[in-house]
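The values are calculated or read from the model by the stated rules, or taken from the named source; none is laboratory data. Keep in mind the model is a prediction, meaning the values are calculated, not measured. Here the Cβ positions follow ideal geometry from the backbone for every residue, glycine too, while neighbour counts run over all protein chains shown. Note: accessible area is taken over every heavy atom of the protein model, side chains too, but ligands, DNA and RNA are not part of it. Shrake-Rupley method; radii C 1.70, N 1.55, O 1.52, S 1.80 Å.
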Amino acid sequence: MSYELTIEPLGTTIEVDDDQTILDAALRAGIWLPHACCHGLCATCKIDVLEGEVDHGEASSFALMDFERDEGKTLACCATLQSDVTIEADVDEEPDAESIAVRDFPGTVSRIETLTPTIKGIFITLDEPMHFQAGQYINLEIAPDIGSRAFSLANAPGHGREIELNVRIVPGGAGTTWLHERLAVGDRVTLSGPYGRFFVRKSAQLPLIFMAGGSGLSSPRSMILELLESGCELPITLVYGQRTRGELYYHDDFLALAERHANFTYVPALSDEPAGSDWAGFRGYVHEAATDHFDNDFRGHKAYLCGPPLMIDASIGALMQGRLFENDIYTEKFISAADAQQVRSPLFKRI
C-alpha cells in the first residue's frame, strides 16, 4: 500500500510506501528536507502536517512535544503516512547544491587499509557508479542485528565505481567494531546514498578554509581533491588535527598536494604529541592552529568544519572571534543517537 505526499512550498507530490518515513521517501525522490540525527532526537527535520494523518513513530517527547503534535507538527525522519498527506517544510534554495536521488547500491569490498591505529580505509567497488557531490555521505548496511551506519565519502566524485570510507573504531560501538574486526576483502555489502547537504559554495568565489578533526577528514578530503582536480584557483587552506603523529593520516599526501598546487596550504596540528618528539608542526587544537595561521582574522572566507561536536563548537567560537560569522560557516557534525541529545545552537542548522 502507498499514499501520496505533497510537499509545500514546492507543490511536488510523490508516492510513499506505508512503512516508509517521510524523509526517506523525499530523499529517494531527489527532494532535500532538512535533517541531522535521523534518530528522532534533534528536531532538525520538524515539519508541519497541513492535511492528512501521520504516525509519529519513535520521535522523542523532547524533540516533538505533546503540544506540537497537537498543533500538527511531526519529525520527517520518524513519521509514516496513514493517509494522503500534505506537509510544509523549510526547504532552502541552494544554487550550488545538486539534487541527487538516494538509491541502494550493492558492491564488493575491494581493499581494507590501516590508516591509523584506530582508523581503517574501507574501499568498496560498487556494481555501478554512484554520482555524488563532494562532502556527502552514505549509509552502510553492516549486519542484520546491527543495522546501518553513516560514513562520509573520502574520495573525490567521478573516480569510477570504487568509493572510500574512513572508519574510526568507537569503543563499545557495535557497528565500527564489526567493520574493523570482521569485514573482509571480497565481502558483498549494500549501501544507500548519497545523503547530506555539506558541499562547497563555489559560486561565492571566496577563499576556502577547511577545519577537520579525527576521521572528520573524509568530507574535506573529498571536497579538496575535487576542487584541485577541477582546476580551482581560489586559495584553499586545510587545518587538520589529531592527537599524535601516528594518528595523522594522509599527511604525506597533503604535503605533496601543497607542493604541486600553489593555492593549497596544509596546516596539521597535534594536540597530544609527546614532548621531545621530532614533530616541528603546530602543537595544539585545530581552532588554535587556525587562529595562529590566520592571525585571528578570518574575514573574506568560507569555512567548512567537520569532526567531533566539541571540535566544531570550539572552531565556530574561534572563527566568530576572528570576525567570520554564520552565513560563511558550514558544519558537518558526526551525530550519534547520544550526540543528538546535546544542546545545539539555533544559529547553526546547516547539517
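Each residue in the range 242-264 was checked for being closer than 15 Å to Asn155 by Cα and β-branched (Val, Ile, Thr), and 0 pass.
Here is a check on your reading of the model: is Cys38 in contact with a His (Cβ under 6 Å, 6 or more places away or on another chain), surrounded by 16 or more Cβ atoms within 10 Å (Cβ to Cβ) and of a type in the set (A, V, I, L, M, F, W, C)? No, not satisfied. Taken over the range 319-329, residues that are open to solvent by 10 Å² or more (accessible area, probe 1.4 Å) and at pLDDT 95 or above amount to 4.
Mind checking whether some residue in the range 190-202 is of a type outside the set (Ser, Thr, Tyr), open to solvent by 30 Å² or more (accessible area, probe 1.4 Å) and either closer than 30 Å to Ala280 by Cβ or outside any loop (DSSP other than H, G, I, E, B) (or both)? Before you say what the answer is, go through the steps one by one.
Filtering the range 190-202 down to residues of a type outside the set (Ser, Thr, Tyr) leaves 191, 193-194, 196-202.
Pick out the ones that are also open to solvent by 30 Å² or more (accessible area, probe 1.4 Å) and you get 197, 202.
Right, trim to either closer than 30 Å to Ala280 by Cβ or outside any loop (DSSP other than H, G, I, E, B) (or both) and you get 202.
Yes, that holds for at least one residue.
Out of the residues in the range 99-151 meeting the condition of being under 21 Å from Ala174 (Cβ atoms) and of a type in the set (Asp, Glu), tell me which one is least open to solvent (accessible area, probe 1.4 Å). Result: Glu141.
Of Thr21, Thr13, which residue is in contact with a strand residue (DSSP E or B) (Cβ under 8 Å, 6 or more places away or on another chain), open to solvent by 10 Å² or more (accessible area, probe 1.4 Å), free of Cβ contacts under 8 Å to residues at least 40 places away in the same chain and β-branched (Val, Ile, Thr)? Steps first, please.
Numbers: Thr21 fails: free of Cβ contacts under 8 Å to residues at least 40 places away in the same chain.
Criteria check complete, one pass: Thr13.
Taking (1) touching a helix residue (DSSP H, G or I) at 6+ places or on another chain (Cβ under 6 Å); (2) under 15 Å from Tyr250 (Cβ atoms) in turn, Gly121 satisfies each apart from (1). Within the range 152-179, the set of residues being touching a residue at least 40 places away in the same chain (Cβ under 8 Å), closer than 16 Å to Gly214 by Cβ and surrounded by fewer than 16 Cβ atoms within 10 Å (Cβ to Cβ) is empty. Restricting attention to the range 168-207, the residues that are farther than 27 Å from Leu305 by Cα and among the small types (Gly, Ala, Ser) total 2. Among the residues making up the range 205-236, those that are over 19 Å from the mean Cα position of the chain (by Cα) and closer than 25 Å to Asp313 by Cα are Leu206, Pro207, Pro235, Ile236.
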